[in-house]
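The values are calculated or read from the model by the stated rules, or taken from the named source; none is laboratory data. Computed from a prediction, not measured in an experiment: that's the story for all the values here. Please note: Cβ atoms are built from the backbone with ideal geometry, for glycine as well, and neighbour counts cover all protein chains shown. Calculation scope for accessible area: heavy atoms of the full protein, side chains included, ligands and nucleic acids excluded. Shrake-Rupley method; radii C 1.70, N 1.55, O 1.52, S 1.80 Å.
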Amino acid sequence: MPIVYVTRHLHFSAAHRLHTDMLNDQKNKEIYGLCNNPPGHGHNYELEITVRGEPDPVTGMVIDLKELKDIVEKEIIAHVDHKHLNYDVDFLKGIVPTAENIVIAFWEQLKNKLSNCELVELKLYETPRNIAIYRGE
Ligand code: NI
């Protein structure tokens, strides 16, 4: 049976600060630069969710993309949109909110919430030029 990959694109805005308690303030400044400024700063994030599966013989769809959007909004976007990622989001507590760590946490939020298709890839654009991709490995 043919396997098709489908992608849904969503976006959210959030604040974060890059800082780890495992290093002193000087080291944090050296590594993270402006991103270490104490009050934090914001990004307009873009998130792409890719799933794969066989198109249903009746509907012709792997998953209804509206349904996929609703799941991602409920499991992820509702928790992070217009929030401070260092303080406001339970599933991001205790991590440095780099794009890498955020995309892994998103995967964990989403991985058991999809039926009849397989989560393949999350792609998080922190800016149009800075992108983190996670495939669950
Ligand atoms: Ni940033």
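General observations
- The charge dipole of the chain, taken about the Cα centre with unit charges on the Cβ atoms of Lys, Arg (+1) and Asp, Glu (-1), comes to about 260 debye, rounded to the nearest 20.
- Dividing the alpha-carbon radius of gyration of region 28-80 by the rule-of-thumb value 2.2 N^0.38 Å gives 1.85.
- Its relative contact order, with pairs defined as Cα atoms under 8 Å and 6+ residues apart, puts the chain at 31 percent.
- Within the accessible area of region 54-137 (1.4 Å probe), percent carbon and sulfur: 47
- Rg/Rh for region 96-137 (Cα atoms only, Rh after Kirkwood) is 1.00.
- Restricting attention to the chain, lysine pairs at least eight places apart or on different chains and with alpha-carbon atoms under 22 angstrom apart total 22.
- Take the chain with all the other protein chains still there, run a 1.4 Å probe, and you get 60 Å² of accessible area per residue.
- Each of Gly33, Gln109, Ile133 was placed along the dipole of the chain (beta-carbon charges, centred on the mean Cα), and the one lying farthest toward the positive end is Gly33.
- For the pair Ile3 and Asp90, a Förster radius of 30 Å applied to the C-beta separation gives a FRET efficiency near 0.30, rounded to the nearest 0.05.
- For Lys113, solvent-accessible area (1.4 Å; no DNA, RNA or ligand), Å²: 90
- Whole-number D in µm² s⁻¹ for the chain, Kirkwood Cα-pair radius fed into Stokes-Einstein, 10 °C, 1.306 mPa s: 99
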